[in-house]
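Working notes, structure below.
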Amino acid sequence: MKRIYLDYAATTPVDSAVIKEMLPYFNEIFGNPSSLHYFGRQASNAVEKARNIAAGFIGAKPEEIIFTSGGTESDNFALKGISWANSNKGKHIITSNIEHHAIFESCMFLEKNGFRVSYLPVEPSGILNPEEVKKAITRDTILITIMHSNNEIGTIQPIREIGHIARENDVYFHIDAVQSFGHIPLNVDELNVDMLSASAHKLYGPKGVGLLYIRKGTRIAPFMNGGSQERKLRASTHNVPGIVGFGKAIELASVNMNKESEFITSLRDKLINGILLDIDNTELNGDNIQRLPNNVNVSIKFVEGEGIILGLDLDGIAVSSGSACTSGSLEPSHVLKAIGRTADLAHGSIRMTLGKYNTEEEIDYTLEKLHVIVKRLRKMSPLLK
Ligand SMILES: *Cc1c(COP(=O)(O)O)cnc(C)c1O
């Protein structure tokens, strides 16, 4: 069966140019970058090359890039590292109520360890009003952490304005940019951010490698104690093939991102319009303008999201429910709840996230199948009787 993948926000396939770049680093250039000899130097050069590419991509300096094991680690590092290093100054953290679990769970861990966290509500569009951030700052605030774009509903936040407020109040500002990095332009100076998380597997790179940008002068505690890798902030032997692949993926993004985003946006709009116009009782979740190029999230009344996902899967189409993290549980997504969706609307939600390997024919096929499945499910729905 022909398979159609519409779950690029969960992960992406590795670009073949990235695989090609990585391969020699498994067995030919296999040295430990910390070794002084030839093998080590070759590996170290490759890591530094990737660091330069990553830094250039977001307007940072190479020494401000720390390689990690992924987006989750980068988020944990930023939140715990800032908290441990600045608790003498204050113990208050500000975040939103639509963050990724990597941020949420880190916040909850910090709350159990004497910190106080404000989870700010967002507008029904999914956008956080910067005024809310301003109001929440106290003399005790040490960190603001807000995601650049949301993994479920694709909403892009007014990061520059929030960063400006953080700076005026002398508070550190971290953004989880995992869904944006490599897809829309990011510049750490224009955005006024002190830290930024990214992950390779969301931009056609390998799984298990990410980065944390840390602005020079930021007071942060090491995340891993051990060797002196990554300026002693993140010990452990480098994942050289992973870092090399990440560098290549960023290089590809810096060349192709704008063109790809334009194409993906056209597929996205075709899909959104096809659903909203042709299937009655449907609603788009998230803002329709401040939105990732690849994100479609809709609520379809009188059906269960799970039913649609299974139906589409039988037709070879892979989509997700409101959130990859909540699928499998009966709890409606915290993001859909935060934008005011009722439980039954949230239960009838599906997320389709597109990528550079999708085609227009795939979108047509998906719309056709979705239409049939919704009709069938609604016929059987007790919600309609
Ligand atoms: C995927 C994702 C993460 C986690 O990244 P991993 O590399 O999978 O650990 C964090 N935040 C957001 C917004 C994500 O989409």
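The values are calculated or read from the model by the stated rules, or taken from the named source; none is laboratory data. As the structure is a computational prediction, the values presented were derived from the model and not from experiment. All Cβ positions, even for glycine, are placed from backbone atoms using ideal geometry, and neighbour counts span all protein chains on display. Just the protein is used for accessible areas: all its heavy atoms, side chains included, with ligands, DNA and RNA removed. Shrake-Rupley method; radii C 1.70, N 1.55, O 1.52, S 1.80 Å.
Using a/c under 1.5 as the rounded threshold, could you call the chain rounded, prolate or oblate? The axes a ≥ b ≥ c are square roots of the C-alpha gyration tensor eigenvalues, and prolate needs a/b larger than b/c, oblate otherwise. The shape class here is oblate. Backbone geometry of region 62-67 corresponds, through the Karplus equation with coefficients 6.51, -1.76 and 1.60 at θ = phi - 60°, to 3J(HN,Hα) couplings of x, 6, 8, 9, 10, 7 Hz, x marking Gly and Pro. Label positions at Arg160 and Leu314, each projected 7 Å from the Cα along the C-beta direction, are separated by 4.9 nm.
Straight-line cross-link reach from Lys61 at under 19 Å between alpha-carbon atoms covers these lysines, not counting any fewer than eight positions away in the same chain: Lys49, Lys216, Lys232, Lys248.
Taken about its Cα centre, region 16-252 carries a charge dipole of roughly 660 debye when the Cβ of each Lys and Arg holds +1 and the Cβ of each Asp and Glu holds -1. The Cβ shell under 12 Å around His100 holds other residues with a net charge of -4, Lys and Arg each +1, Asp and Glu each -1. For region 154-267, just say rounded, prolate or oblate: build the C-alpha gyration tensor, square-root its eigenvalues into a ≥ b ≥ c, call rounded for a/c under 1.5, and beyond that prolate if a/b exceeds b/c, oblate if not. The shape class here is oblate.
For Asn285, the residues whose amide H sits under 5 Å from its own are Asn297, Val298, Ser299, ignoring neighbours fewer than 5 places away on the same chain, with H placed 1.01 Å from N.
Which net charge results for the neighbourhood of Ala343, defined as the other residues with beta-carbon distances under 10 angstrom from its beta-carbon, given Lys and Arg at +1 and Asp and Glu at -1? Counting the neighbours of Ala343, the net charge comes to 0. A cut-off of 5 Å between modelled amide H atoms, ignoring neighbours fewer than 5 places along the same chain, links Arg291 with Ile156.
The simple spin-label model puts a point 7 Å past each Cα toward its Cβ; for Asn281 and Thr265 those points are separated by 3.4 nm.
Ser125: net charge of surrounding residues, Cβ under 10 Å, Lys/Arg +1, Asp/Glu -1, itself excluded? If you can, show how the numbers build up before the last one.
Working: positive: Arg291; negative: Glu123, Asp287.
For residues surrounding Ser125, the net value is -1.
Between Ser228 and Phe109, the C-beta separation translates, for a Förster distance of 30 Å, into a calculated FRET efficiency of about 0.65.
Just subtract the alpha-carbon distance of Ser254 and His101 from 0.36 nm times their residue separation and send over the number in nm, one decimal. Intermediate values should be presented prior to the final figure.
On the way: separation 153, 0.36 × 153 = 55.08 nm, distance 2.81 nm.
Net length gain for the segment: 52.3 nm.
Axis angle, to the nearest 10 degrees, between helix 360-380 and the longest C-alpha principal axis of the chain: 50 degrees. Ligands, DNA and RNA are left out, and with a 1.4 angstrom probe the accessible area of region 137-282 is 38 Å² per residue. Counting only alpha carbon atoms, the long axis of helix 71-86 and the longest principal axis of the chain meet at about 50°. In the chain, the longest principal axis of the Cα atoms and the axis of helix 159-168 are about 40 degrees apart.
Kindly provide the helix-only [θ] at 222 nm of the chain, computed as the sum of -39,500 (n - 2.57) over DSSP H runs of four or more divided by all residues, to the nearest 500 deg cm²/dmol? Write down the numbers at each step before the final one.
Details: 12 runs with 157 residues, N = 385.
Dividing the helical sum by the residues of the chain leaves -13000 deg cm²/dmol.
Which percentage, to the nearest 5, of the DSSP beta bridges contained in region 16-252 is antiparallel?
Values: 10 of 27 bridges.
That works out to approximately 35 percent antiparallel.
Tell me, in nm to one decimal, what length is gained between Met380 and Leu23 on full extension, where the rule is 0.36 nm per residue of separation less the Cα-Cα distance?
Details: separation 357, 0.36 × 357 = 128.52 nm, distance 5.15 nm.
Result for the pair: 123.4 nm of gain on full extension.
Subtracting the Cα-Cα distance of Ser236 and Glu132 from their residue separation scaled by 0.36 nm leaves 33.5 nm. Modelled this way, with points 7 Å down the Cα-to-C-beta line, the labels at Arg139 and Ser125 are 3.6 nm from one another.
Ligands, DNA and RNA left out, the 1.4 Å accessible surface of the chain is 53% carbon and sulfur atoms.
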